[in-house]
Amino acid sequence: MAKHKGRGWHSRLLAAGLGVTALAAATSVWTAQADPTGGRKPEARSQEQAVTEVAADIAHASDRGPRGINITIDDGPDPVWTPQVLELLEDSGVKATFCMVGTQAKAYPELVKKVVADGHRLCDHTVSHDTAMDTKSEAYQSQQILDAERMITEASGGVRPQYYRAPGGAFTPYSRQLAASRGMRPLGWNVDTKDFEHPGVDNMVATVKSEISSGPTILFHDAGGERSETLAALREVLPWLKEQGYSFGFPVR
Ligand SMILES: [Zn+2]
């Protein structure tokens, strides 16, 4: 599996995200003090979802069966590109799985909530998108996965990520087991459009058409740089897939 670029970009976001974290913490303290009962609000408790362990092997199949397709959108949310991707998906009647970076979710909670409200699913894509995390300690991997899980769940208003996708596919047996114990199915991909490398719309569309026979999970990105090629490719690919008799679902859990 190719490891896409963009570490510098994510480092800058990590720094930005930490500032937002401090702001969010201050806000929640104020909220708690303003609560006249002095305790947790009932509506907050009702939004919590039970954690049920799932399988730890890497999923590729679609819950729609052999003619199902899983559209996966990674590295956001992004204030410029995510709203455009959401609009396109809504116009197309397609649900997708959004693999979010923790700092991005923390910075743009309204976008996380919009993704959920539109009927899409969430996926944990770690805190800082370290594509070498498979070479690092278990403590580091745990922090990357569990902190992002918390950041995404808080940003969504209590809706948990249902999948875990390691940055660049840098899974380890440990990280897969950890994610699975938190109800997040490890999620792979079959078709890499390589939109991160700006290959051109025609090449991205051709990649999907030629590689979709190898499996149903297609990788796109809604952050990390200019994504107009991604939007244009989706605009061509989604109708083509429908014409081929495919329907759109979610990865199996
Ligand atoms: Zn990624």
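State to the nearest 20 debye the size of the charge dipole of region 68-198 about its Cα centre, where the only charges are +1 on K and R beta carbons and -1 on D and E beta carbons.
Here the size comes out at about 520 debye.
Using modelled backbone amide H atoms (1.01 Å from N, in-plane), which distant-in-sequence or interchain residues come within less than 5 Å of Y164's amide H?
D124, R185, L187
What does the charge count around D57 come to, taking other residues whose C-beta lies under 14 Å from its C-beta (Lys +1, Arg +1, Asp -1, Glu -1)?
Its environment carries a net charge of +3.
Run the 1.4 Å probe and let me know the accessible area of I145, rounded to the nearest 10 Å².
0
Estimate the FRET efficiency between R64 and Q143 by the formula 1/(1 + (r/R0)^6), using the beta-carbon distance for r and 45 Å for R0, to the nearest 0.05.
E(calc), rounded to 0.05, equals 0.85.
How large is the charge dipole for region 185-253, taken about the Cα centre, if only the Cβ atoms of Lys, Arg (+1) and Asp, Glu (-1) carry charge, to the nearest 20 debye?
Its charge dipole is roughly 380 debye.
Run the quick spin-label model on E110 and S228: label points 7 Å from Cα toward the beta carbon, then report their separation in nm to one decimal.
2.5
Calculate the length of the line joining the C-alpha centroid of region 113-159 to that of region 207-253, in whole Å.
22
Work through the residues other than D74 whose Cβ is under 10 Å from its Cβ and net out their charges, Lys, Arg +1 and Asp, Glu -1.
Combined, the nearby Lys, Arg, Asp and Glu give -2.
For region 84-230, what is the number of Lys pairs with C-alpha distance below 21 angstrom, counting only pairs 8 or more positions apart or on separate chains?
6
Give me the percent of the accessible area of region 98-172 that comes from carbon and sulfur atoms, probe 1.4 Å, all protein chains in place.
53
Need one word for region 87-246: rounded, prolate or oblate. Basis is the Cα gyration tensor (sqrt eigenvalues a ≥ b ≥ c); a/c below 1.5 gives rounded, then a/b vs b/c decides.
Taking the square roots of the gyration eigenvalues as a ≥ b ≥ c, region 87-246 is prolate.
Taking 7 Å along the Cα-to-C-beta vector as the label spot, tell me the S210-H198 distance in nanometres, rounded to one decimal.
It works out to 2.2 nm between the two label points.
Express in nm, to one decimal, how much length is gained between S181 and A117 on full extension, taking 0.36 nm for each residue of separation and deducting their alpha carbon distance.
20.5 nm
In a shell of Cβ-Cβ distance under 14 Å around S175, excluding S175 itself, what net charge do Lys and Arg (+1) and Asp and Glu (-1) give?
Net charge in that neighbourhood comes out at -2.
The values are calculated or read from the model by the stated rules, or taken from the named source; none is laboratory data. Predicted model, so just to flag it, every value in this text is computed and none were measured. Heads up, the Cβs are rebuilt from the backbone with ideal geometry, glycines too, and the neighbour counts pull from every protein chain shown. Quick note on the areas: whole protein, heavy atoms, side chains included, nothing else; ligands and nucleic acids left out. Shrake-Rupley method; radii C 1.70, N 1.55, O 1.52, S 1.80 Å.
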